[in-house]
Each structure stands twice: as C-alpha cells, then as structure tokens.
Amino acid sequence: DEVLKVSRGFELFLDRIARREQGNTFGSLAWVGATFAEMAARFDAEGQTLSPEAKQYYDRAVAVYRDILERCAANPQFAGGDGAVDGVKIRLARCLRRLRKFREAMDLLVDVLRLRNRVVEAQVEAALTYQDWAAASGDARMYDNAINGGRSARRKDGTQVHVVWGWLKLGNITLRSAATRAVFHEARYNLARCRFEQALGSSGDQRNNLLARAEKDIEVTRLLTPDMGGDPWRDRYD
C-alpha cells in the first residue's frame with residue numbers, strides 16, 4: 001500500500017513533465033519513459049498475467065517513448081544521433097513485449113537490427129520476444145525462432161541471413177568476451193529453457209529428444225564455463 005501511494009504521487013510528477021508545452025529535451029523525456037518502465041517492472045512478476053499497476057505504468061512508458069520517436073522523426077536533431085533513437089526503440093520494444101504486443105515489439109527491434117545487427121541488447125530483447133510470444137501463443141515455431149533466429153534479410157551477394165540471431169548464435173558470439181559473459185549465460189540458459197518448454201508441449205520420441213538436447217545444452221555450458229556463471233546462474237541451470 002505504501003509503495004502504491006508513493007508511486008501515485010510520483011506518477012503525477014512524471015505526467016507533469018511529459019505534458020508540459022515547453023522545456024522538454026530528449027534527455028528529460030527519455031528519463032520519464034525509463035522511470036515509468038522501472039515503476040512497471042517493480043509491479044511485474046514476470047508471469048503470463050500483468051498486474052493492473054504494471055500494465056498502467058508500461059502503457060505510460062510506451063506513450064512517452066512513442067512521443068520521443070515522433071519528435072525525432074519530425075526533427076532528426078532532437079535526439080542527437082541514431083544510437084539514441086535505437087535505444088528508445090529497444091526500450092519501447094521491451095515494454096511492448098511485457099504488454100504482449102509481440103509483433104509490434106519485433107518490428108521495432110528488426111528496424112534496429114537490419115542496419116546494426118551487432119547491437120547485443122536488441123538481439124537479446126528480440127530472442128526474449130520470440131520466447132515470450134511462444135509461451136503466450138502456444139506456437140512452438142516461435143521457440144525455434146528464439147533458438148535459431150528469424151526475420152530473413154538479403155545480403156548484397158544475394159544470400160539470405162537471419163536479422164535476429166537467436167539464443168544459439170548469441171551464446172556463441174558472447175562467449176569470446178569476459179565483458180559479455182552475463183549475456184552468454186542468459187543465452188545458454190534460455191536456449192535450454194526453450195527446448196525444455198518445447199518438450200513439455202510434445203510427446204513420445206520428440207519429447208525425449210528435446211529434453212535430451214536441453215540437458216546437453218547445459219552440459220556443454222558446464223564444459224565451456226566450469227563455474228556455470230556463479231551461484232545465481234548455476235541454480236537456474238540446475
């Protein structure tokens with residue numbers, strides 16, 4: 001109850017900033033959007049159903065982020081660079097994912113990745129979007145996209161490639177750097193998780209094969225990184 005009271009008071013303050021006629025900058029609006037998203041996350045249990053408070057604050061964040069993108073489209077100098085705009089698109093996509101607006105979220109992420117496909121934050125968010133989409137829709141093909149990537153694009157030489165890498169490629173790429181080791185474990189854990197969830201929706205030999213592949217994914221991770229990412233990740237793998 002106390003958290004709700006404080007949140008409601010702060011909500012009025014943020015609304016006043018977002019709605020003022022003059023004085024807003026890219027930075028001030030981005031801060032308002034990020035704060036609404038953080039408030040939403042505090043009420044978000046990461047389950048299939050959002051609490052009313054989480055939904056309300058995600059909706060507020062979405063409105064602010066959309067306002068920023070509209071201003072940037074009207075005045076390219078408002079953001080000061082493409083990287084800042086991409087960051088807003090990724091944060092907006094994250095809110096849309098939690099609101100179960102998966103297609104819209106994916107369109108935003110692909111818009112970033114088709115030009116800058118090595119933006120790891122966007123790649124992670126895209127894989128999570130496919131994974132949550134699969135869980136919400138029951139469409140097992142979305143788990144395949146989360147694992148192996150999706151949204152094809154054509155290279156200059158005519159070959160087709162996936163704009164979204166998926167957990168398998170993300171794990172392979174982020175293993176090489178200590179700076180991205182946390183992303184590596186997020187990718188490897190979710191790779192096994194996707195196979196496990198696929199298995200739960202299957203039966204017979206297919207179920208057993210998927211469970212065996214999930215187990216093998218975790219065993220390979222242990223061989224690559226014997227510490228399994230430390231206690232938090234080791235417990236989740238277990």
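What the table below lists for this structure:
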| item | result |
| --- | --- |
| Average Cα contact separation per residue, the chain, under 8 Å, 6 or more apart, as relative contact order % | 10 percent |
| Residue of LEU211, LEU92, LEU224 that the Gaussian network model of the chain assigns the largest fluctuation, springs spanning Cα pairs under 10 Å | LEU224 |
| Count, lysine Cα pairs under 20 Å in the chain, 8 or more residues apart or across chains | 5 |
| Residue list for the range 92-132, given a label point 7 angstrom along the Cα-to-Cβ vector of ALA41 and an amide N cut-off under 17 Å | 92-100, 120-129 |
| Vicinal HN-Hα couplings computed from phi for the range 145-151 (Karplus, 6.51 cos²θ - 1.76 cosθ + 1.60; Hz; Gly/Pro x) | 5, 4, 7, 9, x, x, 6 |
| Gain in span if fully extended, ARG100 to SER28, counting 0.36 nm per residue against the direct Cα distance | 23.2 nm |
| The chain, helix-only ellipticity at 222 nm - DSSP H runs n ≥ 4, -39,500 (n - 2.57), divided by all residues, nearest 500 | -23500 deg cm²/dmol |
| Pairwise centroid distance, computed over Cα atoms, of the range 97-126 with the range 25-58, Å | 18 Å |
| Relative contact order for the range 1-98, counting Cα pairs under 8 Å that sit 6 or more residues apart, in percent | 26 percent |
| Label-point separation, ASN209 to ASP144 (7 Å along Cα→Cβ), nm | 1.2 nm |
| Accessible area expressed per residue, the chain, with surrounding protein chains retained (probe 1.4 Å, Å²) | 55 Å² |
| Along the chain, longest interval not containing exposed trypsin sites (Lys or Arg not before Pro), exposed being DSSP loop plus at most 14 other Cβ atoms within 10 Å | 21-113 |
| Top of VAL64, VAL220, VAL183 by mean-square fluctuation, Gaussian network on the chain, Cα under 10 Å | VAL220 |
| Value of relative contact order over the range 7-63, rounded to a whole percent, pairs C-alpha under 8 Å and six or more apart | 30 percent |
| Convex hull (Cα only) mean projected area of the range 14-118, reported in nm² to one decimal | 6.9 nm² |
| Segment ARG234-THR159, length gained on full extension (0.36 nm per residue, minus Cα span) | 23.1 nm |
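The values are calculated or read from the model by the stated rules, or taken from the named source; none is laboratory data. What you are looking at is a predicted structure, and each value in this text was computed from that prediction instead of being measured. Reconstructed Cβ throughout: ideal geometry from the backbone, glycine too, with neighbour counts over all protein chains shown. The protein model used for the area step is the full one, side chains on, heavy atoms only, and it has no ligands, DNA or RNA in it. Shrake-Rupley method; radii C 1.70, N 1.55, O 1.52, S 1.80 Å.
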